[in-house]
Protein chains: 2
Amino acid sequence: MSVTAAAGFSAAGVVCGLKSTGKKDFAMVRNLGPLKSVAAVFTSNRCKANPILWSQQVMADPVVEAIVLNSGGANCYTGARGFQTTHATAEAVAERLGVSAGDVLVCSTGLIGEQLDLDKLKTGVWDSGLEVLSDAGTSEQAGIDAAHAIMTTDSVPKMSTSTGAGYTIGGMAKGAGMLAPGLATMLVVITTDAVLTSEQLDTALRAATRVTFDRLDSDGCMSTNDQVTLMASGASGVEPELAEFTARLTELCRDLAIQLQKDAEGASHNIHITVTGAASEDDAVDVARTVSRSNLFKAAIFGNDPNWGRVLAAVGTSSAVFDPYNIDVSFNGVAVCTAGEPDQSRELVDLTPREVDIQIELHSGTETATIWTNDLTHDYVHENSAYAS
Amino acid sequence: MSVTAAAGFSAAGVVCGLKSTGKKDFAMVRNLGPLKSVAAVFTSNRCKANPILWSQQVMADPVVEAIVLNSGGANCYTGARGFQTTHATAEAVAERLGVSAGDVLVCSTGLIGEQLDLDKLKTGVWDSGLEVLSDAGTSEQAGIDAAHAIMTTDSVPKMSTSTGAGYTIGGMAKGAGMLAPGLATMLVVITTDAVLTSEQLDTALRAATRVTFDRLDSDGCMSTNDQVTLMASGASGVEPELAEFTARLTELCRDLAIQLQKDAEGASHNIHITVTGAASEDDAVDVARTVSRSNLFKAAIFGNDPNWGRVLAAVGTSSAVFDPYNIDVSFNGVAVCTAGEPDQSRELVDLTPREVDIQIELHSGTETATIWTNDLTHDYVHENSAYAS
C-alpha cells in the first residue's frame, strides 16, 4: 500500500493529461507531520533534469511539506523555460497546500528534450491537492493511485511496506529502462512515521541505497532524473534505533529494487552476478557491473547459452585486482570454469528458469558484492526502438 | 587482394576442420624477405588468449617469418594445455617452413573456453604450407583465400591495398562481434614490401591503430584475442618517408575498420559519432565512446528515432570537461539541440539511410574525435544469443 502505509502522510495519483494514453500521470505525497524531516539522493549523471536542479535547491534546507511527481515527460534539456515550469509547479503546490514553494520537491520522468505543458501540471496539482487535503488521501488506495501515476514503461506499480516496533515504512518506485542508478535511482518515494531527524534520515538513506538501488544495473544507462526521497512524519511518536531503522529501510529498498529488476523492459531473465574473493568491495562491484554491461553476455543469457567466455572477456576489461588465470565461474551452481580452465561441461547448465545466478570468485581477498541485471532481448530492443513514438 | 598485394609475401587459406561448416578455417602468411621486420599491437583486455601470450613472447625479438591464424576457436581460458596447443602449432609451422618457432606468430578466433584440436591445426599447417611454399602462394587468390579463412561471423572478407611510390601495402581483417578494440583489434594482418625496420613499423602501426581500429566500438565488448600485425619484406627495395608511409598505412587501416563496421553483426545502421569542441582528444574519444555504448541510444537508431535525449543522458556519465547546459547535438545535419535546449524539430531528421552522422559540440576546446559504431538490433540479439550453438 505504498506511501500511505505510514501514519502522517496523504497521497494521490490523478490524470492531468501528460500521457497520451489517458492514464494516471501526476502524483502528490504530503507530509502531515508533526515532523517534516527529509533526505534525498540524486542521480550522479552530470546532465541533470530541471526537477533535479530544483529539488537539490529545496534540500539545502531539509524541510519538505510535499513531493509531486509527473510521468509523461522528463523536463530535461528544456532550458530556462523548463526550469520555470518546475518552479511554477512547486509554486502551484505551495498555494494549493498553503506552504512554502521552497518546501516542495518535484520529480519528472519520461522523454528528454520536450517541454512539459504547465497548464496540465496545474490541473494535476489542483486535482491531487483535492484528494491530499481530504481524508481519502490517507487511504491505502491513495498510495496505490500515486504508485500508478508515476509509471512510464513499467508494467506494474512497485510498492513495499515494512513494520518495525511501533512504526512503519512505506515506499513506491518507478523505473523499467535507463536503469543503472549512480548514487540514487529512478523515482522512489519512501515515507515513515518514525521520529527521526533529517540528518538521521540522510545517514540511513545513503547506507540503504548504496547496497540496493546502486547495485541494480539493468541496461547500463543512467538516468538524468533519478531521485530517491525519504520523508518522516514522526506521527507514530516512536524513535527507533538508527541501526535498526537502517536495516529495515535497506530491506525495503532491496525489495523495491528487485521489483524494478523483475519488471525491466523486455527482460526474460533476472540475473544476479555475485563476485566473491575480491580485494575490496569496490573491486567486487566493478567486476560485477562490468559483466552486467556486456551485451554479448546478456544476449547469451537470453538465448539460454552458458557462454562463460563472455563473462571472462568482460572481467578482463575491469580494473579490479585479480589474476586472469585464477578465476572461477559458475552458472546456476555449475562450475564451468575453475582456475581459468574449463571445468564442468556447459551442457550441465540449465538457463531456462527466469532467475539466473552467476558466481565469480577472484581469489584476491574476502570482499563480495552482487549486481542485479537483466538479459538483452528482442523485446528490449523493440521497446526501446519505439519509445518516443 | 589482401596480404599478397605486396611483393615478398606468400599466403594460403585452407580447410583444417575446426569449423563445423567445412569452410576455410586456417590461414598462413609468410614473409619471403629479404627483410623480416615486424610490429604488432595486442588487445588490452587483461584476460588474454593463449595465442596472444605466445605472440607477445615472439615479439620480444621483432623478427617474424610467418603468421598463422585459425578461426573455429579462440584458445582462450584453456589453461596450460591450450598454451601447449599454440606452442605446438608454431613448432609445426617452423618445421614445415624450416624456420625457428620463435619467429612464428599465432592468432586464434572463435568461442572462448574450448580446447582446439591440435591434429586439425597440424593438418592446417601442412596444407597451407604446401601452398605458401609454392608459386601459387604469392597469387592474388592466395591472399583472398587467407582473408576467407579467418572469418567467423563475418559475412564478407575484409581486404585492402594501397600503393605508394614504388611500394605496396596490403591487409586483411576479421571481426564482426566483440568489436571494441583497445590498443589493437580483432585479427588483422598487414604486409608491405617497403624497406622499413621493425622500430619504424612499430611507430607507424601504433600511430595508425590509435586513430582507426581504436576508434571502432561496435558493441562495447573487447576481445581476448585482438591482434594487428604489420610485416615488411623490403622486396620493393624502396625506403619510403616514415610520415608518408604512416599516412598511407592509416588510410588502409581506416578502410579495414570501416569494412568491419559495415559488416558488424546484425547492424542496420553505421553510426559515426563526432565530438567537436573538446578540451582534449581523450575527452572527445571518451564522450563519443560513452554514447556509442548506450544501448538506449543504439536501439533508438535501430528504430529510426532521433532520440537526442539519450545522447545527452550518456554524455552526462562521461568524465570529459563540458557544461551540461551548453552542448549542441545534431542528427544527420539537423540541429535538434542547441545550447542544451530543443532547437529544430526531431521530425526533420531522416534516419532511414544506413549511414548516420551524430555531431556533439562541447564548446570546451578545439579537439575532436570520431567513434564508429552500430545500432542495437533484433538481429544482433539473435546472432549473439545463438553463437555457441
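The values are calculated or read from the model by the stated rules, or taken from the named source; none is laboratory data. Keep in mind the model is a prediction, meaning the values are calculated, not measured. Every residue, glycine as well, gets a Cβ built from its backbone with ideal geometry; the counts of neighbours run over all protein chains shown. We work out accessible area using only protein heavy atoms, side chains counted, and drop any ligands, DNA or RNA first. Shrake-Rupley method; radii C 1.70, N 1.55, O 1.52, S 1.80 Å.
What number of residues in the range B:360-382 are within 14 Å of chain A (Cβ to nearest Cβ), touching a helix residue (DSSP H, G or I) at 6+ places or on another chain (Cβ under 8 Å) and not hydroxyl-bearing (Ser, Thr, Tyr)?
8
Among the residues of the range B:334-357, is any among the hydroxyl-bearing types (Ser, Thr, Tyr), under 20 Å from A:ASN295 (Cβ atoms), within 12 Å of chain A (Cβ to nearest Cβ) and out of contact with any helix residue (DSSP H, G or I) (no Cβ under 9 Å at 6 or more places or on another chain)?
no
Starting from residues that are open to solvent by 20 Å² or more (accessible area, probe 1.4 Å) and in a loop (DSSP other than H, G, I, E, B), keep the ones in the range B:39-59 and report whichever is nearest to the other protein chains (Cβ to nearest Cβ).
Out of the qualifying residues, it is B:ARG46.
Quickly run through the range A:313-338 and pick out the residues that are open to solvent by 20 Å² or more (accessible area, probe 1.4 Å) and free of Cβ contacts under 8 Å to residues at least 12 places away in the same chain.
Once the filter is applied, which keeps residues that are open to solvent by 20 Å² or more (accessible area, probe 1.4 Å) and free of Cβ contacts under 8 Å to residues at least 12 places away in the same chain, the range A:313-338 yields A:ALA335, A:THR338.
Hey, B:ILE52 hits all of (1) over 20 Å from B:ASP25 (Cβ atoms); (2) among the aliphatic types (A, V, I, L, M); (3) touching a Ser or Thr at 6+ places or on another chain (Cβ under 9 Å) but one; which does it fall short on?
So B:ILE52 meets the others, but not (1).
Among the residues in the range B:167-188, are any assigned to a loop (DSSP other than H, G, I, E, B), charged (D, E, K, R) and in the same structural domain as B:GLY110 (by TED's automatic domain parsing)?
no
If A:VAL291 meets every condition in (1) without any contact (Cβ under 8 Å) to a residue 60 or more places away in the chain; (2) touching a strand residue (DSSP E or B) at 6+ places or on another chain (Cβ under 8 Å); (3) surrounded by 23 or more Cβ atoms within 10 Å (Cβ to Cβ) apart from one, which number is that one?
Here A:VAL291 clears every test but (1).
Has the range A:226-244 got at least one residue that is in contact with a Cys (Cβ under 7 Å, 6 or more places away or on another chain) and open to solvent by less than 10 Å² (accessible area, probe 1.4 Å)? Working first, answer last.
In the first step, residues of the range A:226-244 are kept if they are in contact with a Cys (Cβ under 7 Å, 6 or more places away or on another chain); the result is A:227.
Next, only the ones that are open to solvent by less than 10 Å² (accessible area, probe 1.4 Å) stay: A:227.
Yes: the range A:226-244 contains one or more residues that are in contact with a Cys (Cβ under 7 Å, 6 or more places away or on another chain) and open to solvent by less than 10 Å² (accessible area, probe 1.4 Å).
Provide a single number: the residues in the range B:352-363 that are surrounded by fewer than 21 Cβ atoms within 10 Å (Cβ to Cβ) and part of a loop (DSSP other than H, G, I, E, B).
Adding up the residues that qualify gives 4.
Filtering the range B:320-333 down to residues that are at pLDDT 90 or above and assigned to a loop (DSSP other than H, G, I, E, B), which residue is farthest from the other protein chains (Cβ to nearest Cβ)?
Per the criteria, the residue is B:GLY333.
Taking the criterion of being β-branched (Val, Ile, Thr) and over 17 Å from B:THR203 (Cα atoms), would at least one residue in the range B:249-259 satisfy it? Before you say what the answer is, go through the steps one by one.
Keep residues of the range B:249-259 that are β-branched (Val, Ile, Thr), which gives B:250, B:258.
Those still in the list that are over 17 Å from B:THR203 (Cα atoms) too: B:258.
So far as the range B:249-259 goes, yes, one or more of its residues are β-branched (Val, Ile, Thr) and over 17 Å from B:THR203 (Cα atoms).
Within the range A:111-153, work out how many residues are assigned to a helix (DSSP H, G or I) and either open to solvent by 40 Å² or more (accessible area, probe 1.4 Å) or of a type in the set (A, V, I, L, M) (or both).
Of the residues in that region, 23 qualify.
Is it the case that some residue within the range A:305-312 is surrounded by fewer than 22 Cβ atoms within 10 Å (Cβ to Cβ) and either at pLDDT below 95 or more than 9 Å from every other protein chain (Cβ to nearest Cβ) (or both)? Don't jump to the end; show me each part of the working.
The initial filter retains those residues of the range A:305-312 that are surrounded by fewer than 22 Cβ atoms within 10 Å (Cβ to Cβ), namely A:305.
Then keep just the ones that are either at pLDDT below 95 or more than 9 Å from every other protein chain (Cβ to nearest Cβ) (or both); that gives A:305.
Looking for residues that are surrounded by fewer than 22 Cβ atoms within 10 Å (Cβ to Cβ) and either at pLDDT below 95 or more than 9 Å from every other protein chain (Cβ to nearest Cβ) (or both), one finds at least one in the range A:305-312, hence yes.
Restricting the range B:60-94 to residues that are within 14 Å of chain A (Cβ to nearest Cβ) and of a type outside the set (Gly, Ala, Ser), which is surrounded by the most Cβ atoms within 10 Å (Cβ to Cβ)?
Ranking the qualifying residues of the range B:60-94, first place goes to B:ASN75.
Residues that are touching an Asp or Glu at 6+ places or on another chain (Cβ under 7 Å), among the hydrophobic types (A, V, I, L, M, F, W, C), buried (at least 24 other Cβ atoms within 10 Å of the Cβ) and not in a helix (DSSP H, G or I): does the range A:31-38 have at least one?
Within the range A:31-38, none of the residues are touching an Asp or Glu at 6+ places or on another chain (Cβ under 7 Å), among the hydrophobic types (A, V, I, L, M, F, W, C), buried (at least 24 other Cβ atoms within 10 Å of the Cβ) and not in a helix (DSSP H, G or I).
Sort out which residues of the range B:257-294 are part of a helix (DSSP H, G or I), at pLDDT 90 or above and more than 21 Å from B:THR366 (Cβ to Cβ), and write them in order of number.
Of everything in the range B:257-294, just one residue is part of a helix (DSSP H, G or I), at pLDDT 90 or above and more than 21 Å from B:THR366 (Cβ to Cβ), namely B:SER292.
Considering each residue of the range A:34-81, count those that are under 13 Å from A:SER198 (Cβ atoms), small (Gly, Ala, Ser) and in contact with a strand residue (DSSP E or B) (Cβ under 6 Å, 6 or more places away or on another chain), and give that number.
Adding up the residues that qualify gives 3.
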